[in-house]
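Please read the structure below before turning to the comments.
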Amino acid sequence: MDPRAYWVGFNLVRGIGAVRFRILLEVFGDLSTAWNATPAQLLEAGIPQYAVGQWIKIRSEVDLERVWDHLLRKNIQVLTWQNSEYPRRLREVDQCPPVIYLRGSLGLEDEAAIAVVGTRRASVYGKQIAQDLGDFLARNGITVVSGLARGVDGFAHEAVLNAGGRTIAVLGNGVDLVYPPEHRALGQRIIENGCLLSDYPPGTQPDSKNFPPRNRIISGLAAGVVVIEAGETSGALITASFAAEQGREVFAVPGNILTPTSKGTNRLIEQGARPLLNFNDLLDCLQMQKQEEKMAVRQAIPVDEMEKRLLDVLTYEPQHIDEISAVTSLPIAQVSATLAVMELKGLIRQTGSMQYFLARESGGIYKVG
């Protein structure tokens, strides 16, 4: 059985989140061992009694092989902390979700992403800005992240797709469901040109309590967040708050001081958010100019013989630089210098602690000759 099935199993257990996933990995080494442990062992590891009780119930009721087969049949992908495909920006966030589910695709180009959020009750002005901004970002090769909600979110997603761009919708329910129901056709278009993404297991129904926490993923996937319109209690302000905590740039579109849906955005500006007065200023601030050209240049950069030797050794699983040096019989200083150049080219990535792995496109574009 795929090891990720055990991650899905623990993801079904209420009371086991990012912190306790790390505890399980540190104590048991892998989640297969943890899943097959005894309740006493989990308690000894530091998992609280109520969570252990939930785990006992889930383990007795759930057939992980059937769950995994169901995900495969539904074309639902599962990414965990241990997968190199796990989004780099999201991985950098404190207590990032241990498991994410998606329908559609994530690509290297989606690292150049901006979140666009706002009220469900958008004004004519808000709708126009959402559509114009979505179109602008798509034509500049920027992926737009939003929440598929009514109003600003939906207008932004649709404008991106109409311009031939990519967009990611982060859901407050399982990715096998599309909410609100009137966005089902939009959701299908997003699957074909981006993805639906959630950290809630498939089958999770929309619930008001699910939506505020998912906003941390919207901001976590993006380099910056644009709030177009928001009332004083809008969920978009929660996204802006998460963005600030995560060190993301927050932009707000100024609005009429007499309009309720502008009170939240104007307040953000008062508190230090950047007023968005020109769409080009957004790209300048985030250094995202001409993304499509950058991707083309990156893919055209030639690979020298030293890089080819390292690419023959590297895989999609992280390897320590000492191991790479030993396998290639190359001096560690030479390996380190070459890896640094390869990372700049986008050939490889590192997880920290001098562990390196292939970027996803390396196998198809760079591993030649």
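For region 336-355, what are the residues that are surrounded by fewer than 19 Cβ atoms within 10 Å (Cβ to Cβ), of a type in the set (A, V, I, L, M) and under 20 Å from E92 (Cα atoms)? Result: A340, L344, M354. Residues of region 243-267 that are in contact with a Pro (Cβ under 9 Å, 6 or more places away or on another chain) and either among the charged types (D, E, K, R) or crowded, with 21+ Cβ neighbours inside 10 Å (or both): F251, A252, V253, S262, T265. For region 251-290, the set of residues classified as touching a Leu at 6+ places or on another chain (Cβ under 7 Å) and polar (S, T, N, Q) consists of Q289 only. Considering each residue of region 10-28, count those that are in a helix (DSSP H, G or I) and β-branched (V, I, T), and give that number. Residues flagged as in a helix (DSSP H, G or I) and β-branched (V, I, T) within region 10-28 amount to 3. As a summary of the residue check, Q41 satisfies the conditions (1) surrounded by 14 or more Cβ atoms within 10 Å (Cβ to Cβ); (2) under 30 Å from G187 (Cα atoms) except for the one numbered (2).
When the residues of region 280-303 are filtered to those that are crowded, with 16+ Cβ neighbours inside 10 Å and under 26 Å from the mean Cα position of the chain (by Cα), the one that is modelled with the lowest pLDDT is R298. Scanning region 200-234 for residues that are among the small types (G, A, S) and touching a Gly at 6+ places or on another chain (Cβ under 9 Å) yields G203, S208, A230, G231, S234. The condition of being surrounded by fewer than 22 Cβ atoms within 10 Å (Cβ to Cβ) and in the same structural domain as P202 (by TED's automatic domain parsing) holds for only one of G164, G126, that being G164. Condition check for Y6 on (1) of a type in the set (S, T, Y); (2) over 18 Å from G203 (Cα atoms); (3) buried (at least 16 other Cβ atoms within 10 Å of the Cβ): one failure, at (2).
Taking every residue in region 338-351 that is farther than 14 Å from I321 by Cα and pairing it with any residue that is basic (K, R), at least 6 positions away or on another chain, the pairs with Cβ-Cβ distances below 7 Å are K345/R298; G346/R298. Taking region 107-117 as the search range and keeping residues that are surrounded by fewer than 21 Cβ atoms within 10 Å (Cβ to Cβ) and touching a residue at least 60 places away in the same chain (Cβ under 8 Å), which one is nearest to N75 (Cα to Cα)? So the residue we want is G107. Considering only residues that are in contact (Cβ under 8 Å) with a residue 40 or more places away in the chain and among the hydroxyl-bearing types (S, T, Y), look in region 65-106 and name the one that is surrounded by the most Cβ atoms within 10 Å (Cβ to Cβ). Among residues in region 65-106 that are in contact (Cβ under 8 Å) with a residue 40 or more places away in the chain and among the hydroxyl-bearing types (S, T, Y), the one surrounded by the most Cβ atoms within 10 Å (Cβ to Cβ) is Y101. I'm trying to understand the selection: among the residues of region 130-151, which are within 21 Å of N266 (Cβ to Cβ) and out of contact with any strand residue (DSSP E or B) (no Cβ under 9 Å at 6 or more places or on another chain)? Across region 130-151, the qualifying residues are D132, G151. Within the option set F155, F211, being touching a Lys or Arg at 6+ places or on another chain (Cβ under 8 Å), of a type outside the set (S, T, N, Q) and more than 19 Å from L79 (Cα to Cα) holds for one residue only, F155. Among the conditions (1) assigned to a loop (DSSP other than H, G, I, E, B); (2) under 12 Å from the mean Cα position of the chain (by Cα); (3) in contact (Cβ under 8 Å) with a residue 24 or more places away in the chain, the only one that R120 does not satisfy is (2).
Taking region 193-226 as the range and being within 17 Å of the chain's Cα centre (by Cα), of a type in the set (D, E, K, R) and outside any loop (DSSP other than H, G, I, E, B) as the test, the residues that pass are R214, R216. Applying the set (1) in contact (Cβ under 8 Å) with a residue 40 or more places away in the chain; (2) closer than 29 Å to R14 by Cα to Y179 leaves exactly one unmet item: (1).
Among the residues of region 156-174, the one identified as in contact (Cβ under 8 Å) with a residue 40 or more places away in the chain and farther than 22 Å from A236 by Cβ is G174.
The values are calculated or read from the model by the stated rules, or taken from the named source; none is laboratory data. All of these numbers come straight from a predicted model, not from anything done at the bench. Here Cβ is always computed from backbone atoms with ideal geometry, including for glycine, and neighbour counts include all displayed protein chains.
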